[in-house]
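Novice: Provided herewith is a single structure, encoded as structure tokens, for subsequent inquiry.
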Amino acid sequence: MKKLLVKFRTAKSQLDRLLQNRDGVAGIEMAIVTPMLLLLLCGGGEAAVFLRSHFQASQMASTVADAISRYETITASDISSIFSVSSEVMGSSDFEDKGYVILSSVTRSSGGIPVVAWQCKGGGVASASRIGLVTKTATLPQNLVLDATDNVIVAEVFYQYDPIFKGIAPASMEQQLYKTAVFRPRLGNLTTAPGC
């Protein structure tokens with residue numbers, strides 16, 4: 001019994017020394033905290049790139065619609081040259097592969113219904129226009145209503161966003177971004193199809 005008591009006291013004293021020893025505590029804390037910090041860093045970076053892509057797609061729609069609305073008459077080569085700089089406008093080298101732009105001229109018909117007069121499309125991943133088809137009723141963004149003799153240029157930008165960190169980013173981030181911009185032509189009505 002005496003031997004057992006000595007062993008118990010020895011084990012207790014070793015346990016006390018181990019609990020009082022602070023060597024390696026910082027290393028253990030760092031091993032626990034580092035994965036969480038990396039997760040926050042990667043998640044924050046992913047969120048920033050995602051928001052930047054939304055902003056750039058919106059800016060691109062606005063820039064393209066504004067550029068087209070400044071023409072008095074438009075040709076297919078004018079539209080082609082605007083589409084050719086789309087990657088620079090978007091600020092992304094992969095827009096040619098993952099992006100798509102649809103330009104539509106929408107005018108009000110004699111019956112008072114907005115109709116798509118013409119459309120031009122360009123980019124990598126083809127998408128269907130949410131505005132409508134040529135000579136069909138147009139669905140204008142934000143319930144825009146045209147006056148009797150009004151017409152507008154609508155730019156639709158589609159961009160397939162792929163997260164940088166697919167394992168960390170939520171699945172909802174992997175989506176096709178869609179942005180529109182509407183401008184009224186300044187110099188001409190731009191209802192004549194440019195032939196694109």
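Rule-based calculations on the coordinates, nothing more; no lab input. Everything numeric in this text was worked out from a predicted model, so none of it was measured. Heads up, the Cβs are rebuilt from the backbone with ideal geometry, glycines too, and the neighbour counts pull from every protein chain shown.
Novice: What Cys residues in the chain have no fellow cysteine's beta-carbon under 4.7 angstrom?
Specialist: CYS42 - these cysteines have no disulfide-compatible partner (Cβ-Cβ under 4.7 Å) in the chain.
Novice: Next up: Trypsin sites (Lys or Arg not before Pro) within region 7-52: which are DSSP loop residues with at most 13 other Cβ atoms inside 10 Å?
Specialist: Passing sites in region 7-52 are ARG22.
Novice: So which residue, out of ILE68, ILE131, ILE113, gets the largest mean-square fluctuation from a GNM of the chain using Cα contacts under 10 Å as springs?
Specialist: So, out of ILE68, ILE131, ILE113, the one fluctuating most is ILE113.
Novice: What number, in nm² with one decimal, is the all-direction average of the projected area of the convex hull of the alpha-carbon atoms of region 3-69?
Specialist: Over all viewing directions, region 3-69 projects a mean Cα-hull area of 6.5 nm².
Novice: Would you kindly state how much longer the chain becomes between HIS54 and LEU144 on full extension, computed as 0.36 nm times their sequence separation minus their alpha carbon distance, in nm to one decimal? Don't skip to the answer; put the middle values down first.
Specialist: On the way: separation 90, 0.36 × 90 = 32.40 nm, distance 2.21 nm.
Net length gain for the segment: 30.2 nm.
Novice: Multiply the residue gap between MET36 and GLU72 by 0.36 nm, knock off their C-alpha separation, and tell me the result in nm, one decimal place.
Specialist: 7.3 nm
Novice: Now a separate question. Report, by chain and number, residues whose modeled amide H sits under 5 Å from the one on TRP118, excluding near sequence neighbours (fewer than 5 apart, same chain).
Specialist: SER105
Novice: GNM, the chain, Cα, under 10 Å: largest mean-square fluctuation among GLY124, GLY24, GLY43?
Specialist: GLY24
Novice: Write down the radius of gyration of region 25-183 and its Dmax, each obtained from C-alpha positions, in Å.
Specialist: 20.4, 80
Novice: Further, regarding this structure: Gaussian network model of the chain, Cα springs within a sub-10 Å range: biggest mean-square fluctuation belongs to which of SER105, SER77, SER129?
Specialist: SER77
Novice: How big is the Rg/Rh ratio for region 105-196, C-alpha atoms only, Rh by Kirkwood, two decimals?
Specialist: 1.09
Novice: Exactly which GluC sites (Glu not before Pro) in region 1-90 are in a DSSP loop and have at most 11 other Cβ atoms within 10 Å?
Specialist: Those satisfying the criteria are GLU72.
Novice: So, in Å, what gap is there between the alpha-carbon centers of region 1-79 and region 96-145?
Specialist: Value for the Cα centre distance between the two parts: 41 Å.
Novice: May I have the count of lysine pairs in region 25-183 with C-alpha atoms under 22 Å apart, counting pairs 8 or more residues apart or located on different chains?
Specialist: Close lysine pairs under the 22 Å cut-off: 6.
Novice: Related question: For the chain, what is the mean residue ellipticity at 222 nm derived from helices alone (per DSSP H run of n ≥ 4: -39500 (n - 2.57); sum divided by total residues; nearest 500 deg cm²/dmol)?
Specialist: Taking each H run of at least 4 residues, the total per residue is -14000 deg cm²/dmol.
Novice: Follow-up. Excluding residues on the same chain fewer than 8 positions from LYS7, give the aspartates and glutamates whose Cα lies under 15 Å from its Cα.
Specialist: Of all the aspartates and glutamates, those that pass the test against LYS7 - Cα under 15 Å, at least 8 places apart if same chain - are ASP16.
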